[in-house]
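Colleague: Here's a structure for you.
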2 protein chains.
Amino acid sequence: MSVEENWFNERHDYSGSSIGFRVKQLLHAEKTPFQSIEIYDTTDWGKLMVIDGCTMVTTRDNFLYHEMMAHPALFTHPRAKRVVIIGGGDCGTLREVLKHDEVESAVQVEIDERVTRLAEKYFPELCESNSDPRAQLLFIDGIKWMAECEGETLDIVIVDSTDPIGPAEGLFNEAFYHCCLKALRPGGILVQQSESPLAHLPLLKTIRNAMKAAGFHAVRTLTFPQPCYPTGWWSSTLARKGVDLSTFRERGAAAKQFSTRYYNAEMHKAALAMPEFLKEALGE
Amino acid sequence: MSVEENWFNERHDYSGSSIGFRVKQLLHAEKTPFQSIEIYDTTDWGKLMVIDGCTMVTTRDNFLYHEMMAHPALFTHPRAKRVVIIGGGDCGTLREVLKHDEVESAVQVEIDERVTRLAEKYFPELCESNSDPRAQLLFIDGIKWMAECEGETLDIVIVDSTDPIGPAEGLFNEAFYHCCLKALRPGGILVQQSESPLAHLPLLKTIRNAMKAAGFHAVRTLTFPQPCYPTGWWSSTLARKGVDLSTFRERGAAAKQFSTRYYNAEMHKAALAMPEFLKEALGE
């Protein structure tokens, strides 16, 4: 990571590529017990949150990621009443989840309270549903919370984490996925942000294999653009307990009563389409 | 543009964002009568061609762009016999076009011969169809060529150009599109690379309006990932003479007899799906 001549630049060693934004000023910087967090004001992307040198969120393009982490799973499940978000401290995924009237409870389990406090200050639009009576914000270890969760009580678990290094490392393995499986009701869905389909293909395969090894019945990967992450192309992977994932409620999505900026029924199906190289690599 | 500590970095003023690649060495640099061209060897992206400071092609990710510039139009036209590429000097689009057996002639009209000569040396895989007897490589002004082209002789025109500044500026306006319209047979299709759906939305609208003003009957924009271009998300826009664009030969694409790495029938439909904000912005 470097800031030169008013550009924040994230150099991503693993892929040998970098993404940067022109910044006006550094608004805030701190070291929490878990990580370092910086907030910048940019010239064209609104506010920018950086954690441990990696771009997490910009005002301008976060809608892509947050909508795609929430709506595909919620429109695949017949009626998700209890949703848990592991990580997701910026509250953007929580906001999208709470757009669904069928959701009776949405718990966000973020290890670092400072992420949420800074989001409330610098990304207030992402936090506009935090006071929804259905929302509960916990600031504890998501791995421990999931291990202790009562069995068969959840409908959807969304793992909205940073990269699998640092505090998020334990969210990308079979043991954690097995805890998620136990906590989900039959037909429940696990959603994991699964990195770049181009740059992180080996990791994507590892995630999918770990989900299957943990006992999930069906696994599907969706792709979508995300300019502020390495390669600008990102993915989420859905895993389902007991049944398959071909239950997209297309009419429900087409008639949704809330607004989105990227997601719609067409984009849902588009995200499920598999490029040739991914089909081959994932054996689909 | 800057090279620091072995990173090539393209700073894109218009969007306030940058994309970079870790480079091993500069392999070649020259000023042609039209532009400056550099070739780098990168650590993770193969070779990198830079024109006037802008990333044009990397070995690793060019398949996305080249496949999406060629196959959607060729599988929408019932039988494209004569195809012309304006620009496209790296020859990657030409290679994709020539994968189609129905194509009897493919003419590439590139203003700068040096782009093609350097592609032959540093991107030989993109040039592997240059000696196909159906291929013709011309190194002249594409605007002039199109203005003088005999009427109703072409089935597809692909404008595979650099950004609309410098030599490519005249490829993005109504006068040029009108020449393309005249040169196309009824049912013929114009394809224009139309920049980032997120960062260049005003330009995308201008392109679409110019196509309609030139007399094209139908216009559709497709989106696809392209990590080496600003925002990592790109688009092409198709315009058709006389008839609409809803004639995707899905069975033909599903049964295609050549290999691709991104394109397939599913991805064709996925690329046509419109995110909510684009629907709204483009009035679709």
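The values are calculated or read from the model by the stated rules, or taken from the named source; none is laboratory data. Values in this document were obtained by computation on a predicted structure and should not be read as measured data. Reconstructed Cβ throughout: ideal geometry from the backbone, glycine too, with neighbour counts over all protein chains shown.
Colleague: Go through region B:195-226 and report how many residues are within 14 Å of chain A (Cβ to nearest Cβ), closer than 24 Å to residue B:267 by Cα and of a type outside the set (Phe, Trp, Tyr). Working first, answer last.
Modeller: Quick first cut of region B:195-226, residues within 14 Å of chain A (Cβ to nearest Cβ) only: B:195-202, B:220-226.
Restricting the remaining residues to those that are closer than 24 Å to residue B:267 by Cα gives B:195-201, B:220-226.
Among the residues that remain, those that are also of a type outside the set (Phe, Trp, Tyr) are: B:195-201, B:220-223, B:225-226.
Of the residues in region B:195-226, 13 are within 14 Å of chain A (Cβ to nearest Cβ), closer than 24 Å to residue B:267 by Cα and of a type outside the set (Phe, Trp, Tyr).
Colleague: If I go through region B:227-236 residue by residue, how many of them are assigned to a loop (DSSP other than H, G, I, E, B) and more than 8 Å from chain A (Cβ to nearest Cβ)? Explain how you work it out, then say what you get.
Modeller: Initial filter on region B:227-236 (assigned to a loop (DSSP other than H, G, I, E, B)): B:227-229.
With more than 8 Å from chain A (Cβ to nearest Cβ) added as a condition, the list becomes B:228-229.
Result for region B:227-236: 2.
Colleague: Residues A:171, A:181, A:190: which one is under 19 Å from residue A:146 (Cα atoms), in the same structural domain as residue A:147 (by TED's automatic domain parsing), touching a strand residue (DSSP E or B) at 6+ places or on another chain (Cβ under 7 Å) and modelled with pLDDT of 95 or more? Give the steps one after another, and end with the answer.
Modeller: On the way: A:171 fails: modelled with pLDDT of 95 or more; A:181 fails: touching a strand residue (DSSP E or B) at 6+ places or on another chain (Cβ under 7 Å).
It is A:190.
Colleague: Going by the conditions given, is residue A:61 closer than 17 Å to residue A:263 by Cβ and touching a residue at least 60 places away in the same chain (Cβ under 8 Å)? Outline the logic, then answer.
Modeller: Details: closer than 17 Å to residue A:263 by Cβ: yes; touching a residue at least 60 places away in the same chain (Cβ under 8 Å): yes.
For residue A:61, the condition - closer than 17 Å to residue A:263 by Cβ and touching a residue at least 60 places away in the same chain (Cβ under 8 Å) - is met.
Colleague: Would you mind stating whether residue B:189 is part of a helix (DSSP H, G or I), of a type in the set (A, V, I, L, M) and in contact with a helix residue (DSSP H, G or I) (Cβ under 8 Å, 6 or more places away or on another chain)? Spell out how you get there, then give the answer.
Modeller: Working: part of a helix (DSSP H, G or I): no; of a type in the set (A, V, I, L, M): yes; in contact with a helix residue (DSSP H, G or I) (Cβ under 8 Å, 6 or more places away or on another chain): yes.
In short, no.
Colleague: Continuing with this model, one more query. Would you check which residues across region A:1-51 are within 14 Å of chain B (Cβ to nearest Cβ) and β-branched (Val, Ile, Thr) and list them?
Modeller: A:3, A:19, A:23, A:42, A:43
Colleague: Would you mind telling me which numbered condition in (1) among the acidic types (Asp, Glu); (2) within 18 Å of residue B:238 (Cα to Cα); (3) in contact (Cβ under 8 Å) with a residue 60 or more places away in the chain residue B:174 fails?
Modeller: (3)
Colleague: How many residues does region B:237-281 contain that are within 14 Å of chain A (Cβ to nearest Cβ) and in a helix (DSSP H, G or I)?
Modeller: Summing the residues that are within 14 Å of chain A (Cβ to nearest Cβ) and in a helix (DSSP H, G or I) in region B:237-281 gives 17.
Colleague: Continuing with the same structure: Starting from residues that are among the hydroxyl-bearing types (Ser, Thr, Tyr) and in contact (Cβ under 8 Å) with a residue 60 or more places away in the chain, keep the ones in region B:230-284 and report whichever is nearest to residue A:232 (Cα to Cα).
Modeller: For region B:230-284, the residue satisfying everything is B:231.
Colleague: I'm trying to understand the selection: among the residues of region A:226-284, which are of a type in the set (Phe, Trp, Tyr) and surrounded by fewer than 24 Cβ atoms within 10 Å (Cβ to Cβ)? Before you say what the answer is, go through the steps one by one.
Modeller: So the first thing to find is which residues in region A:226-284 are of a type in the set (Phe, Trp, Tyr), and the list is A:229, A:233-234, A:248, A:258, A:262-263, A:277.
Selection gives A:248, A:258, A:262, A:277.
Colleague: Is it the case that region B:199-213 has a residue that's over 18 Å from residue B:280 (Cα atoms), assigned to a strand (DSSP E or B), at pLDDT 95 or above and not hydroxyl-bearing (Ser, Thr, Tyr)?
Modeller: No, every residue in region B:199-213 fails to be over 18 Å from residue B:280 (Cα atoms), assigned to a strand (DSSP E or B), at pLDDT 95 or above and not hydroxyl-bearing (Ser, Thr, Tyr).
Colleague: Being in contact with a helix residue (DSSP H, G or I) (Cβ under 9 Å, 6 or more places away or on another chain) and under 16 Å from residue A:183 (Cβ atoms) is the filter here; which residues of region A:74-111 pass it?
Modeller: Answer for region A:74-111, where residues must be in contact with a helix residue (DSSP H, G or I) (Cβ under 9 Å, 6 or more places away or on another chain) and under 16 Å from residue A:183 (Cβ atoms): A:80, A:83, A:84, A:85, A:86, A:87, A:106, A:107, A:108, A:109.
Colleague: Determine whether region A:2-15 contains at least one residue that is touching a helix residue (DSSP H, G or I) at 6+ places or on another chain (Cβ under 7 Å) and of a type in the set (A, V, I, L, M).
Modeller: No, because not a single residue in region A:2-15 is touching a helix residue (DSSP H, G or I) at 6+ places or on another chain (Cβ under 7 Å) and of a type in the set (A, V, I, L, M).
Colleague: Taking residue B:99 and the conditions (1) away from chain A (no Cβ under 14 Å); (2) surrounded by fewer than 24 Cβ atoms within 10 Å (Cβ to Cβ), which numbered condition does it fall short on, given that it satisfies the others?
Modeller: With (1) away from chain A (no Cβ under 14 Å); (2) surrounded by fewer than 24 Cβ atoms within 10 Å (Cβ to Cβ) applied to residue B:99, the lone miss is (1).
Colleague: Residues that are without any contact (Cβ under 8 Å) to a residue 40 or more places away in the chain and part of a helix (DSSP H, G or I): does region A:88-95 have at least one?
Modeller: Scanning region A:88-95, I find at least one residue that is without any contact (Cβ under 8 Å) to a residue 40 or more places away in the chain and part of a helix (DSSP H, G or I), so the answer is yes.
Colleague: So is residue A:182 under 28 Å from residue A:205 (Cα atoms) and basic (Lys, Arg) or not?
Modeller: Values: under 28 Å from residue A:205 (Cα atoms): yes; basic (Lys, Arg): yes.
When the stated conditions are applied, residue A:182 passes them.
Colleague: For residue B:117, all conditions in the list (1) surrounded by fewer than 22 Cβ atoms within 10 Å (Cβ to Cβ); (2) touching a His at 6+ places or on another chain (Cβ under 8 Å) hold save one; what is the number of the exception?
Modeller: Failed condition: (2).
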